[in-house]
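Enquirer: After the structure tokens below, expect a handful of questions from me.
The values are calculated or read from the model by the stated rules, or taken from the named source; none is laboratory data. Just so it is clear, the model here is predicted, and its values are computed rather than measured. Neighbour counts are summed over all protein chains in view; Cβ atoms, including those assigned to glycine, are modelled from backbone coordinates with ideal geometry. Protein only, heavy atoms only, side chains kept; ligands, DNA and RNA dropped before computing areas. Shrake-Rupley method; radii C 1.70, N 1.55, O 1.52, S 1.80 Å.
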Amino acid sequence: MYDVIVIGGSFAGLTAALQLGRASRSVLVIDAGLPRNRTSAGAHGVAGWDGIAPAEILGRFRDDLKAYPHLSQRGGKVTAIGGQMGAFSVTLENGEDFAAKRLILAHGVRDILPDVPGLAEGWGRQVLHCPYCHGYEVKGEPLAVFATSHMGAHQALMLRADWSDRVTLITGGMDGLDHAALELAGVQMDSRALEAAQIDESGITLSLSGGDSQRFAALFLGPRTTLAESPAAHLGCALSDGPMGPFVKVGPMAQTSIPGVFAAGDVARPMPNINFAFADGAQAGSGCHASLLFPEIVTPVEAAQ
Ligand SMILES: Cc1cc2nc3c(=O)[nH]c(=O)nc-3n(C[C@H](O)[C@H](O)[C@H](O)COP(=O)(O)OP(=O)(O)OC[C@H]3O[C@@H](n4cnc5c(N)ncnc54)[C@H](O)[C@@H]3O)c2cc1C
């Protein structure tokens, strides 16, 4: 019986484990090894690690945790969870079972890219989700935004304001966009459908309906995210609706609606960012520790809040 099992051993999960390891609590981190930004050459905007490859940051972090004898890390995918606070059971894909008094969910979310050939191949390199993370590297270049929702207009306005004066919003004919305001802000509008993307080392060529193609340094888009079939979904944690998909509701100690279950990182917030994941992980680790010591002060978050 571990004190805590952390499901997901990336930025949020390892930080949560570190807090608990420093309290000499027995912790098992289980990680399927697919952090959300794994395709990026470098993670940006990360305190002390700007531009370093995600795998390198995480590798260094995993090594740091080896100093804590009560903390174990293993690979594997959690496919089933049972029990309750004080005695949870966690089952891996290969059938192995583990037990813990508390759980921390740090398994992130899954991006659902639009079904356009070529986008998946460029994801994290020439197909980007966030100006703060990767906009600086393409600033001043011709940039496209693919409107997968009305958030596309927001992204185009941001990029046009502070990253490039050559921003094209590809709308595919989406209704409800304020074309006049976007054009006034200097965003070029293209209502054709995006049919395919071809990436290469220096940019991306977009094939648009009607047979034309256009070249850009990068394409930005906001994919929908899902928690389907995740541990949070198996447990039935209460969710909130974010602009790109659902996320787990948490209280100020990172507690979820399920007693004894905590959540941190992308699984529990609408805006993905490594610094936030570190902060959330620290909160979940200390909140979970408080729950082990003083269970009466950590009450589950209300589903309706
Ligand atoms: C393409 C891209 C580039 C990005 N670039 C940046 C950037 O430059 N800077 C920045 O600050 N942010 C960036 N982000 C956001 C950043 O990647 C996330 O905010 C961050 O990874 C969230 O950390 P996390 O620990 O919550 O989840 P993740 O990093 O997604 O890690 C979740 C971990 O849980 C594991 N897992 C999932 N399900 C299970 C299961 N059932 N059992 C066991 N393990 C499981 C996964 O395999 C994964 O290892 C980027 C995002 C994307 C999509």
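Enquirer: Could you give me the ³J(HN,Hα) list for the range 23-38, computed from phi with Karplus coefficients 6.51, -1.76, 1.60 and θ = phi - 60°, whole Hz, x at Gly and Pro?
Expert: 3J(HN,Hα) across the range 23-38, in whole Hz: 9, 6, 7, 7, 9, 10, 9, 10, 9, 7, x, 10, x, 4, 9, 5.
Enquirer: Also: When the chain is fully extended, how far beyond the present Cα-Cα distance does A41 get from Y136, taking 0.36 nm per residue of separation? Let's see the in-between values first.
Expert: Working: separation 95, 0.36 × 95 = 34.20 nm, distance 1.41 nm.
Stretched fully, the A41-Y136 segment lengthens by 32.8 nm.
Enquirer: Of the residues I30, I112, I104, which exhibits the maximal mean-square fluctuation in a Gaussian network model of the chain defined by a 10 Å Cα contact cut-off?
Expert: I112
Enquirer: Rounded to whole Å, give me the distance from the Cα center of the range 1-78 to that of the range 237-298.
Expert: If you average the Cα positions of each part, the centres end up 16 Å apart.
Enquirer: Can you give me the pair-distance distribution of the range 169-247, C-alpha pairs, 10 Å bins, whole percents?
Expert: Bin by bin from 0 Å, the calculated values are 15, 32, 27, 20, 7.
Enquirer: Accessible area of the chain with a 1.4 Å probe: how many percent of it is carbon plus sulfur?
Expert: On the way: 7210 of 13840 Å².
It is 52 percent, rounded to a whole number.
Enquirer: So, one more: Strictly under 4.7 angstrom between C-beta atoms: which cysteines of the chain have no such partner?
Expert: Unpaired cysteines in the chain: C237, C288.
Enquirer: OK, next. Taking the Cα centre of the range 116-270 as the origin, how large is its charge dipole in debye, to the nearest 20, when only Lys and Arg (+1) and Asp and Glu (-1) carry charge on their Cβ atoms? Walk me through the numbers before you get to the answer.
Expert: Numbers: 9 positive and 16 negative charges, 77 e Å.
Roughly 360 debye for the range 116-270.
Enquirer: For the Cα atoms of the chain, what angle does the longest principal axis make with the long axis of helix 11-21, in degrees from 0 to 90, nearest 10?
Expert: Tilt of helix 11-21: around 20 degrees.
Enquirer: Take every Cα-Cα pair in the chain and report what % of them are more than 31 Å apart.
Expert: Working: 16403 of 46360 pairs.
Here the long-distance tail beyond 31 Å is 35 percent of all Cα pairs in the chain.
Enquirer: Specify the residue with the greatest mean-square fluctuation among A193, A100, A181, computed from a Gaussian network of the chain linking alpha-carbon atoms under 10 Å apart.
Expert: Evaluated over the chain, the most mobile residue of the options is A181.
Enquirer: Please report the antiparallel percentage of DSSP beta bridges with both residues in the range 114-221, rounded to the nearest 5.
Expert: Values: 10 of 24 bridges.
Taking every DSSP beta bridge with both residues in the range 114-221, the antiparallel ones total about 40 percent.
Enquirer: Could you give the semi-axes, largest first, of the ellipsoid that matches the range 114-221, computed as the square roots of 5 times the alpha carbon gyration tensor eigenvalues and rounded to whole Å? Mind showing how you got there, number by number?
Expert: Details: eigenvalues 70, 57, 27 Å².
The three semi-axes for the range 114-221 are 19, 17, 12 Å.
Enquirer: Estimate the FRET efficiency between A181 and M271 by the formula 1/(1 + (r/R0)^6), using the beta-carbon distance for r and 22 Å for R0, to the nearest 0.05. Intermediate values should be presented prior to the final figure.
Expert: On the way: r = 24 Å, r/R0 = 1.07.
That gives a FRET efficiency of 0.40.
Enquirer: Please go through the range 31-116 and write out the GluC sites (Glu not before Pro) that DSSP classes as loop and that have at most 14 other C-beta atoms within 10 Å. All intermediate terms of the calculation are to be shown ahead of the outcome.
Expert: Values: sites: E56, E93, E96; in loops: E93, E96.
Here the sparse-neighbourhood loop sites are E93, E96.
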